[in-house]
Each structure stands twice: as C-alpha cells, then as structure tokens.
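Just below is one structure, and these are the notes that go with it.
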Amino acid sequence: MNPSNTMQEYLAEAWRLAHYQQGDPNVAGAALAEVMQVSAPAVTRMVQRLKKAGYLHPGRGIQLTPAGERVALQNIRRHRLVEVFLVDVMSLGWHEVHDSADELGAVVSEVVLDRMDSLAGFPRRCPHGEPIPTRDGHMPRIRDQALNEVETGGQLRLSRVHSHDGHMLQYLDSLGLRPGVRLTLVARAPFSGPLHLRLGERDCFIGPELASVLRVCAEDEFALV
C-alpha cells in the first residue's frame, strides 16, 4: 500500500528521533506523540497501521524497516528541498517556510521536486543547515556539536540551527548567525553566562539557551559527503 501523508510524517519523525538517539533504533511512543502533537492512543493506532503495512518491525517498540526508512527519507528530502526553494528561489524568510514546506511537500510530484532541486542549485543542506537526502535515499554524513560544548578558540562553521521558532530565527538572522557562517568562540563566561562570538570583524554575545540550538563543525566538515 502507498503510505498516506500522515503515515509518511510519522515515519519521518520516527527516523529523526532514532537518528538523534545515536545508535538506538527504537523510538519511544511518548517521544513520537510529543513531536507529532497527538495523544498516546493516536500513536498506538498509527503504529499498528505502520506495522501492518511493513514500515515498522513487528513486536514491541517503534523501529523502522528498510521500507519505512525509504519512505521517511523521501519525506525528509521533499520537505527540506521545498524549504530551500522557498528561501533561495522565492525569497521567503527562513523563519516562515517550515509549515509551508509541510503543506507543499505533501503534494509536490517527483518531477516538480527535481526541478526545484535544479533551480535551487542542487543544495546539500536546508536553510536551517540540516542535510538533504539524495534522490536514491542516502542521508549525507554530518559531524557537528552544540556550540555551548566546544572549546574556545579556533575557527568554526555554523552547521545547523535546531529550532523552527520564527522569532528566534529572525533574531539569529539579525546577528548574522545562519548556517555556513564562519565564527570563533572567543570566550564563555562562567556560571551559565553569555558566549562571546566573533564573526569576521564583528563580535556578538549570546546566552547559553540560544547557543544550545546552534551546532558547529570544522571547516572541512561543512560541505558534507
């Protein structure tokens, strides 16, 4: 059976949760309910449908089968490519495209998606820095870490921003903190104080809460492989 849009969304979110657990393929139902903003019984019903369709392994837990992973990565690819198209081609702000990408990604055909990919210059990352799976279902490897965990000194690239909060993204934009920018962590104040960043010839200061959503990488890791 062809998965419905809702089934695809569940599989994509389950893939993301498993991916960020770093090695644990089983996703908790409560975690999936939280990100999908639905009740626990709703997750239970959908999980049973996905298992019956062969997208989740049978038995306890929530773990994607190879077929489920393919559907999840196709959904993630559509969403992130549409986001890039809306920002880079249609000039929308990166703070306002997440929901629109969900809506458009649910209906866009592969032919149109390939054209979007071409017009956007075959991007490797979405506007928030997340890697875009290839057409054949390969997710590029990414190596980065939270900004508030790195050592001071040394040039870094801002890799990803883990937030879809529009006000936060607009504020980061005003500071020049978007994926790809080069920066140096000059100093970190003690007792959860602000972080001192240098962006070229300009300095800025951000709190640890904001730093926690920013992930940075070495210069040679930004291009992805």
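In region 29-66, the residue that is nearest to Pro131 (Cα to Cα) out of those that are open to solvent by less than 60 Å² (accessible area, probe 1.4 Å) and at pLDDT below 90 is Gly61.
Listed here are the residues, each with its yes/no results for (1) over 25 Å from Leu197 (Cβ atoms); (2) within 16 Å of the chain's Cα centre (by Cα); (3) basic (Lys, Arg).
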{"residue": "Val87", "(1), (2), (3)": "no, yes, no"}
{"residue": "His95", "(1), (2), (3)": "no, yes, no"}
{"residue": "Glu103", "(1), (2), (3)": "yes, no, no"}
{"residue": "Arg115", "(1), (2), (3)": "yes, no, yes"}
{"residue": "Phe122", "(1), (2), (3)": "yes, no, no"}
{"residue": "Ile132", "(1), (2), (3)": "yes, yes, no"}
{"residue": "Gln145", "(1), (2), (3)": "no, yes, no"}
{"residue": "Asn148", "(1), (2), (3)": "no, no, no"}
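Looking across region 1-23 at every residue that is open to solvent by 70 Å² or more (accessible area, probe 1.4 Å) and over 22 Å from Ile132 (Cβ atoms), the one that is modelled with the highest pLDDT is identified as Asn2.
For region 143-153, the criterion of being in contact with a Leu (Cβ under 9 Å, 6 or more places away or on another chain), touching a residue at least 40 places away in the same chain (Cβ under 8 Å) and part of a strand (DSSP E or B) is satisfied by at least one residue. All of Glu69, Glu103 fail the test of being assigned to a helix (DSSP H, G or I) and exposed (fewer than 13 other Cβ atoms within 10 Å of the Cβ), apart from Glu103.
Taken over region 168-190, the residue count meeting the criterion of being at pLDDT 95 or above, of a type outside the set (Ser, Thr, Tyr) and open to solvent by 80 Å² or more (accessible area, probe 1.4 Å) is 2.
The values are calculated or read from the model by the stated rules, or taken from the named source; none is laboratory data. As the structure is a prediction and not an experimental result, all values here were calculated from the model. Note that each Cβ is placed from the backbone with ideal geometry, even for glycine, and that neighbours are counted across all protein chains shown. What goes into the accessible areas is simple: the full protein's heavy atoms, side chains included, and nothing from ligands, DNA or RNA. Shrake-Rupley method; radii C 1.70, N 1.55, O 1.52, S 1.80 Å.
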